[in-house]
C-alpha cells in the first residue's frame, strides 16, 4: 500500500495500521489521518504501555519511512536535540592545518572548522533533512519549560538557523508524533500547535485482538485469560502501576515461552514479573490470583 492510499481516509489509516499489527480505534485513526493531511504534529497522551511509541513505529512502517527518535529527559537542550559540532575532529583538522600551513592558520582555514562535515545532526536536524521521515519526540513531559518553548519554535517553522552555516529549511516537514505520560502538564502553546489524542487502555475484545494479532503463536484461550486478568487488575484500581498493553503482551509471551497454553494460578505467579513491576503490587496481585483465575 503506497503512502497516498494508506493515508487517504481514516478508514484506510485503520486498515494500514492493522496490517502492521497496530489496532487503532476510530478516534486515533482520524487524528492520524488529519496529522498527515494537515501536516500538523500529533500529541498523544496516555498511561505508560498504551501504545503511544508503538503508534509512531506503526505509522513509519505504513509510510515506508525511517523513525527518528528524540528521547526527552530532564535537562535536555538544543545541542542534544538539534545539532552540535564534532569537537575532536575539529581539533584534529586544526592540527593538520597548522602542520601544513607555513604561514600559520588564516581566517579562511579557521572557517573550515565549521564545515558541514564537522556538523553532528541530532534528531531534529535529521528529521528536517530527511523528507518523509517520522519524528518521534518521546516523553516530552520529562523535558523542562525552556526546551518545550524551543521545540515549539522548531515545530512552527521547520527552519533551523546555524550561525556558522546559515538557515536550513525542511523541504518536507516530517510526520511528528509527540508522546507524554502526563507526569506534568504541557503548556497551552505547544498543545495548540498539535492535534491531541488521549490513548486509553483498550476494552476486553480489542485487547484480545491486539494480543492475537501481535502474538499469533499464543492460543486464543491463553490470550483471553491473560487479557481478562489484566483488565481485572486495572479495574480494581489498587495498583501503583496497572499493567499496560505492553505488559499484557509480555505476560502472554512469557507464559507461552514456558510451553503453557492456558493460565493457572501457579503459572501466573511464576510469570507475574512480566506484568507487575512494584513489590507492593506483586503482593496484592498474588493474594488475588486465586479469586481471579478460579473458575
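Residues of region 267-283 falling in the label zone of residue 241, defined by backbone nitrogen less than 12 Å from a point 7 Å along Cα to beta-carbon, are 274-282. Computed from Cα positions, the angle between helix 279-293 and the longest principal axis of the chain comes to roughly 40 degrees.
Computed from Cα positions, the angle between helix 26-38 and the longest principal axis of the chain comes to roughly 10 degrees.
What FRET efficiency would be calculated for the residue pair residue 167, residue 205, taking the C-beta separation as r and a Förster radius of 35 Å, to the nearest 0.05?
Details: r = 51 Å, r/R0 = 1.46.
E between residue 167 and residue 205, to the nearest 0.05, is 0.10.
Put simply, the convex hull of the Cα atoms in the chain casts, on average, a shadow of 19.6 nm². Using only Cα atoms, tell me the angle between helix 87-100 and the longest principal axis of the chain; keep it within 0 to 90° and round to the nearest 10. Compared with the principal axis, the helix lies near 20 degrees. Rg/Rh for region 204-293: what does it come to with C-alpha atoms and Rh from Kirkwood? Radius of gyration over Kirkwood radius for region 204-293 works out to 0.92.
Computed from the coordinates by the stated procedures, all read-outs in this text should not be read as laboratory data. Source: prediction; values computed, not measured. No Cβ is skipped: glycine too gets one built from the backbone with ideal geometry, and neighbour counts run over all protein chains shown.
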